[in-house]
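Every number here is computed from the coordinates shown, using simple stated rules; none is lab data. Remember, it's a predicted structure, so these values are computed and weren't measured experimentally. Please note: Cβ atoms are built from the backbone with ideal geometry, for glycine as well, and neighbour counts cover all protein chains shown.
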Amino acid sequence: MKTEKEEAAVDVSAMPFEKAMQELESIVGELEKGSVSLDESVRLYARGKALQERCEKLLAEAEARVEKITLGENGAPKGVAPLDVE
């Protein structure tokens, strides 16, 4: 596991999805073990929350770029349109 200084040096807002997800999974594993101190648990939880929010943001952006196939009156594909994300 990285030291607190190493983690702080990695800006969550610049992380790619895969790296953020990998670190989040590592944090969840540490917390599930229950072998870290209360202070460390709180620090890990805060880092994990930031990573979760980053992953959710990146997923929402990816969904907004996905296109849906539009169908013509005869049911045949006629083109694509942006996916409505709400």
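Modelled spin-label separation between V28 and E53, with each label point placed 7 Å from Cα along the Cα-to-Cβ direction: 1.9 nm. Near L59: Cβ cut-off under 13 Å, other residues only, Lys/Arg at +1 and Asp/Glu at -1. The net charge is -2.
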